[in-house]
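Visitor: I have a structure I would like to understand better, so I am pasting it below and will then ask my questions one at a time.
The values are calculated or read from the model by the stated rules, or taken from the named source; none is laboratory data. Quick caveat: nothing in here was measured; it's all calculated off a predicted structure. No Cβ is skipped: glycine too gets one built from the backbone with ideal geometry, and neighbour counts run over all protein chains shown.
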Amino acid sequence: MATAGDTSEKANPLYPDVSTPSLMIHVVAPAALPAGYTFDAEINEDPDRTFTVEVPEGGVNEGDTFLAPLPENVDGARLRAPTGYWKDGMFDCFSLGIIHPSAWCGLCCPQILMAQVMTRMHLNWLGEHGPVIATINTFKVVVALTVLYVVYSSALNVAANQYDYENLPLINTILCILGSIIFTAWALYALCKTRRNLRERYSIEEDERFKGFEDICCSLWCTWCTISQMARHTGEYETYQGLCFTETGLPDSAPFTV
């Protein structure tokens, strides 16, 4: 099984004389296979859409996931996004207009926009690759986690204001801090994994200045800008209208990115 996306017809604007790399997609090994072995993988578990995959060096075991280039001649509806470079800059949050849904959704509730990007890319609630059946409810899971955290925090605040027990302030503070740490740790981990998966899939290299740490630095210090950039890269908003509260942030008629 393979999870596939789009290829780009543009040249890399940073290096116009350099060929644009292929879109990389996740392939799940159907069995233990040696290096160099070829087999036909399904795209998004669709038996009518297949392409030939070559097992990488070292071979694979059954169930292993590895990245393989998607041939340019693979047909099928898909969103268009460039490979080898970001579609635009990290701080171009309002490049599509001051009232674009993706910008304000990311600003007011970044987890909602992150969930939409995850859904487009068939990632689970941790930002990791998985089979279609395991990622179909990613948006609902992320929204549920976010709502539960808001309810949890609000309930602690209400309890602190209404009850005057001697040890309540200390207990309330500890519970608030603990909940905040757990939610923040999950949100940062999921965002970091989602960005890394997107870069690997679209063959986008890290900045040499932050080699090995770019994803975590962007997720930690520029959360809104990071999520918005990923949404613009995978959304093709030039063709499809952006929406705030749908699972993909796009109309139902829009195809999946991957």
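Conditions tested, residue by residue: (1) touching a residue at least 12 places away in the same chain (Cβ under 8 Å); (2) more than 27 Å from Asp207 (Cβ to Cβ); (3) in the same structural domain as Leu243 (by TED's automatic domain parsing); (4) not in a helix (DSSP H, G or I).
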residue	(1), (2), (3), (4)
Arg49	yes, yes, no, yes
Pro56	yes, no, no, yes
Ile112	yes, yes, yes, no
Ala134	no, yes, yes, no
Val141	yes, yes, yes, no
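Visitor: Restricting the search to the stretch 94-117, which residues are touching a Phe, Trp or Tyr at 6+ places or on another chain (Cβ under 7 Å) and more than 18 Å from Leu250 (Cβ to Cβ)?
Guide: Hit for the stretch 94-117 is Leu107, nothing else.
Visitor: Of everything in the stretch 222-258 that's part of a loop (DSSP other than H, G, I, E, B) and hydroxyl-bearing (Ser, Thr, Tyr), which residue is nearest to Cys93 (Cα to Cα)?
Guide: Among residues in the stretch 222-258 that are part of a loop (DSSP other than H, G, I, E, B) and hydroxyl-bearing (Ser, Thr, Tyr), the one nearest to Cys93 (Cα to Cα) is Tyr237.
Visitor: Here is a check on your reading of the model: is Pro82 closer than 22 Å to Thr138 by Cα and either at pLDDT 80 or above or crowded, with 21+ Cβ neighbours inside 10 Å (or both)?
Guide: Spelling it out, it is not the case that Pro82 is closer than 22 Å to Thr138 by Cα and either at pLDDT 80 or above or crowded, with 21+ Cβ neighbours inside 10 Å (or both).
Visitor: Report whether or not Ser219 is buried (at least 21 other Cβ atoms within 10 Å of the Cβ), assigned to a helix (DSSP H, G or I) and either among the polar types (S, T, N, Q) or on the phi > 0 side of the Ramachandran plot (or both).
Guide: Considered against the rule, which asks whether it is buried (at least 21 other Cβ atoms within 10 Å of the Cβ), assigned to a helix (DSSP H, G or I) and either among the polar types (S, T, N, Q) or on the phi > 0 side of the Ramachandran plot (or both), Ser219 comes out as yes.
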